[in-house]
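Below is one structure, written out as structure tokens; comments come after it.
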Amino acid sequence: MQLQKPQPLFDSTLWIADQPCSRLRSFLVELDIVNIEQEYMLAKRFLLSYQGSDDTFNSYRREVERVCQWAWMFRKKPIKALDRHDLSAYFDFVQKPPALWVARKHSQRFTTNSNGERMPCDNWRPFLNRHGDKTPDQKKMQLTQSAMRAIIAGTSTFFTYLMQENYISANPVSLIRQKSKYLQKNQQSRVTRKLSDAQWTHLIEEIQQRCLQQPIFERHLFIFSAFYLLGCRISELVDSPGRKPIMSDFYQDSHGLWWFKTVGKGNKAREIAVPDAMLEALRRYRHYLGMTAQPSANDQTPIIPKKKGEGGIGIRQLRKIVQVGFDCTVERLIESGANDEADSLRQATVHWLRHTAISKDVQFRPREHVRDDAGHQSVQVTDRYIEIDLQERHASARSKTLSGQQNET
């Protein structure tokens, strides 16, 4: 079977409500799938219901787009005709997609042409190998359990919606009998994708040192401080269609306490307690920007302004800034002989910083306080960051011997 080159189907929250462009309409017609236009509009309406939260919208768009493309282009079937055997094959497919479906670097889905029409980008692909050409090893592209769980959950939610719209009679994902083939059941799921104490120490020292030589690194220092001291998600620090973080999101209440107000996952507003170190980092950063030490109640300045132009930076810009910090730290670790720590840090992503922050937080603060600051739905989510019980369990096992006697510890 000759694979077709996929193209994006759904634009961003700002543009998705518009009619599909002529090129996209032609693409759908050429696929020659029964009811494809109806299925496209059903998928579009499903995504429109999540316009209020960019994170949620983007997550569902990724899964809906992939399963639609796979059904129409690879399976040559309408969504309505997919059964549990098809979905099992799809979940196998996403774990090892063909090279034609994998991009080496990030690309926008659509751009605006000279006529003001939104057009699909040729370089976009449904899957992304973030390691690019640097990592030809296929094993490093394997999906994590959390990624696979998100794919199955997102796909299932979409099929449940199609049931509610009376388009299909059953959810084929829920009919798959052996989901354990794709998802392992852990006795206790704990967070492992985080920076070690040594990695964090080297990172923050490296950034602080570079601030003395290159003032532009003051921005890096503020960003890393916000991730570590507030436990923010990346979406809570950057501009998006639904929210633009501003300096007055840092505010002082009637008791003289400082808070950071934000809108997180699921479009839920929350307030994060601002520690003294974060307040000092804010003052230092504002001094670098030429501003007063503390923001006023009507300060509309973006928290992280663009170097050029108006407004705050976006997700891709923030990722690049953080990556610079990671790369500098890798060099520092290698110079100090900590090659294992350097190799581990090469795999880090921005979200590791949030995991690092929460993992450190739960060591010293009541878990209910950490839950509320982190924006977790329940204490059970926060508990995944607690490793004290695991350390005690391991310590009690170290003295076991083949003789049946316990060694002295």
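Can HIS220 be described as touching a Lys or Arg at 6+ places or on another chain (Cβ under 7 Å), part of a helix (DSSP H, G or I) and over 19 Å from LYS268 (Cα atoms)?
Taking the combined requirement at face value, the residue does not satisfy it.
Looking for something outside any helix (DSSP H, G or I) and either farther than 30 Å from ARG346 by Cβ or without any contact (Cβ under 8 Å) to a residue 12 or more places away in the chain (or both) - is there at least one such residue anywhere in region 228-241? Full working, then the answer.
Filtering region 228-241 down to residues outside any helix (DSSP H, G or I) leaves 231-233, 237-241.
In the following step, the residues that additionally are either farther than 30 Å from ARG346 by Cβ or without any contact (Cβ under 8 Å) to a residue 12 or more places away in the chain (or both) were identified as 241.
Yes, because at least one residue in region 228-241 is outside any helix (DSSP H, G or I) and either farther than 30 Å from ARG346 by Cβ or without any contact (Cβ under 8 Å) to a residue 12 or more places away in the chain (or both).
Within region 14-51, track down each residue that is touching a Pro at 6+ places or on another chain (Cβ under 9 Å), modelled with pLDDT under 90 and farther than 20 Å from ASP122 by Cα.
Selection gives LEU14, GLN51.
Of everything in region 190-221, what is without any contact (Cβ under 8 Å) to a residue 12 or more places away in the chain, more than 17 Å from SER336 (Cα to Cα) and β-branched (Val, Ile, Thr)? Give them in sequence order.
If the condition is that a residue be without any contact (Cβ under 8 Å) to a residue 12 or more places away in the chain, more than 17 Å from SER336 (Cα to Cα) and β-branched (Val, Ile, Thr), then THR192, ILE216 are the ones that fit.
Just to be sure I understand the filter: pairs with C-beta atoms under 6 Å, separated by 6 or more residues or on different chains, first member in region 94-109 and closer than 20 Å to GLN317 by Cβ, second member of a type in the set (Phe, Trp, Tyr). Which pairs pass?
SER107/TRP124; ARG109/TRP124
Consider THR201 carefully, then state whether it is of a type in the set (Val, Ile, Thr), more than 30 Å from PHE227 (Cα to Cα) and at pLDDT 85 or above. Lay out the reasoning, then the answer.
Numbers: of a type in the set (Val, Ile, Thr): yes; more than 30 Å from PHE227 (Cα to Cα): no; at pLDDT 85 or above: yes.
Answer is no for this residue.
Quick one: count up the residues across region 334-374 that are of a type in the set (Phe, Trp, Tyr) and surrounded by 13 or more Cβ atoms within 10 Å (Cβ to Cβ).
Residues of region 334-374 that are of a type in the set (Phe, Trp, Tyr), as a first pass: 352, 364.
In the following step, the residues that additionally are surrounded by 13 or more Cβ atoms within 10 Å (Cβ to Cβ) were identified as 352.
So the count comes out to 1.
For region 204-246, enumerate the residues that are under 20 Å from the mean Cα position of the chain (by Cα) and among the aliphatic types (A, V, I, L, M).
ILE223, ALA226, LEU229, LEU230, ILE234, LEU237, VAL238
Count, please, the residues in region 52-88 that happen to be among the small types (Gly, Ala, Ser) and modelled with pLDDT of 95 or more. Reasoning before the result, please.
Applying the first criterion (among the small types (Gly, Ala, Ser)) to region 52-88 yields 52-53, 59, 71, 81, 88.
Checking which are modelled with pLDDT of 95 or more leaves us with 71, 81.
So the answer is 2.
Mind checking which helices (runs of 4 or more DSSP H) fall wholly inside region 251-358 and carry at least 3 residues that are in contact with an Asp or Glu (Cβ under 6 Å, 6 or more places away or on another chain) and farther than 26 Å from HIS369 by Cβ?
Numbers: elements: 276-288, 315-335, 339-345.
Hits in region 251-358: 315-335.
The values are calculated or read from the model by the stated rules, or taken from the named source; none is laboratory data. Quantities reported herein were computed from a predicted structural model and do not represent experimental measurements. Please note: Cβ atoms are built from the backbone with ideal geometry, for glycine as well, and neighbour counts cover all protein chains shown.
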